[in-house]
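Here the structure is laid out as structure tokens; the discussion comes afterwards.
The values are calculated or read from the model by the stated rules, or taken from the named source; none is laboratory data. Since the structure is predicted, the reported quantities are computational estimates derived from the model, not experimental observations. All Cβ positions, glycine included, derive from the backbone under ideal geometry; neighbour counts span all protein chains shown. With ligands, DNA and RNA removed, areas are computed over all heavy atoms of the protein, side chains included. Shrake-Rupley method; radii C 1.70, N 1.55, O 1.52, S 1.80 Å.
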Amino acid sequence: MSLTPKLPSNYSTVILDIEGTTTPISFVHDVMFPYVLNNIHKFLQTNWGQPDLEQCVADLIKQAETDKSNSVDGVVGIDPSAEKTVLQNQIINNVTWQMAQDRKIAALKNLQGLIWKDGFHNGSLKGIVYNDAFKAITTWKENGKSLYIYSSGSVAAQKLLFGHSNQGDMLENFSGHFDTTVGNKLEAESYVKISNDIGVDPKDILFVSDNLKEIKAAESIGMQVVVSVREGNAPILPKDEEKFFLCSDFTKLL
Ligand SMILES: [Mg+2]
């Protein structure tokens, strides 16, 4: 006979993942990435000459040169001596190529970050937070729990998403944010570090994520865990379903 996993209780602190947990797993690929491609042209025209953008452009040119000298397959070059409109088009083509390759290099990430920041600030880009996640977060907060985010997206990006969400500015609910600078989300050591950093015993922490590897890492150091079940998330194996508390409506955790 298998035991039904217990609803977590007696925790003082909640740590939430974002993608597949508070937010649709498709958000980055279906909203954030297309936003860059749809707005890069206007962004370059409007912000050309601004120091942040100039730095990104210099980094992209350097990266394109490195890619060329490494004979990277399909590399799209950027000629720094080209006239402004031509140069901007080369940057767009280079970024489009890099994004099609799903590259994670710093020069690209920094430019994406600038375009997202602009979009969140001007209101044309909004973070998506599920209604039940919003309700749970605000209720936990009202009930005196401390809330943290741990996501592979940078802390700056996390703050943009929750600061400019479809549920409004949610940032005041969180006591802190962690990204992969604290460590890989799949490694137990990262959860030890977070627990030490916030000064809370792991057994008093509830960690919620869609990723079973993250769940297992957090559980291995004694955290209470809940598996987030959302549309588009990876399927959960029956053996994990028996072991962990699954949740598709976070108000059920309250
Ligand atoms: Mg996730």
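The table that follows gives values for the structure above.
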{"quantity": "Hits in segment 1-24 - residues which are within 12 Å of the ligand (Cβ to nearest atom), open to solvent by 20 Å² or more (accessible area, probe 1.4 Å) and assigned to a loop (DSSP other than H, G, I, E, B)", "calculated": "Pro24"}
{"quantity": "Subset of segment 214-232 that is part of a helix (DSSP H, G or I) and crowded, with 20+ Cβ neighbours inside 10 Å - its residue that is nearest to the ligand (Cβ to nearest atom)", "calculated": "Glu214"}
{"quantity": "Tally, over segment 82-130, of residues that are part of a helix (DSSP H, G or I) and among the charged types (D, E, K, R)", "calculated": "4"}
{"quantity": "Selection status of Ala133, part of a helix (DSSP H, G or I), touching a residue at least 40 places away in the same chain (Cβ under 8 Å), in contact with a Ser or Thr (Cβ under 8 Å, 6 or more places away or on another chain) and among the small types (Gly, Ala, Ser)", "calculated": "yes"}
{"quantity": "Single residue of segment 25-38 satisfying the filter (within 12 Å of Leu161 (Cβ to Cβ) and within 12 Å of the ligand (Cβ to nearest atom)) that is surrounded by the most Cβ atoms within 10 Å (Cβ to Cβ)", "calculated": "Phe27"}
{"quantity": "Yes/no for Leu108 being of a type outside the set (Ser, Thr, Tyr), crowded, with 19+ Cβ neighbours inside 10 Å and under 30 Å from Ser228 (Cβ atoms)", "calculated": "yes"}
{"quantity": "Residue within segment 190-202 that is more than 16 Å from the ligand (Cβ to nearest atom), surrounded by 15 or more Cβ atoms within 10 Å (Cβ to Cβ), in a loop (DSSP other than H, G, I, E, B) and assigned by TED's automatic domain parsing to the domain that holds Asp132 present", "calculated": "yes"}
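To keep it simple, each residue is scored yes or no on (1) hydroxyl-bearing (Ser, Thr, Tyr); (2) closer than 13 Å to Thr13 by Cβ; (3) open to solvent by 10 Å² or more (accessible area, probe 1.4 Å).
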{"site": "His164", "(1), (2), (3)": "no, no, yes"}
{"site": "Thr180", "(1), (2), (3)": "yes, no, yes"}
{"site": "Leu186", "(1), (2), (3)": "no, no, yes"}
{"site": "Ile205", "(1), (2), (3)": "no, yes, no"}
{"site": "Leu212", "(1), (2), (3)": "no, no, yes"}
{"site": "Ala234", "(1), (2), (3)": "no, no, yes"}
{"site": "Lys252", "(1), (2), (3)": "no, no, yes"}
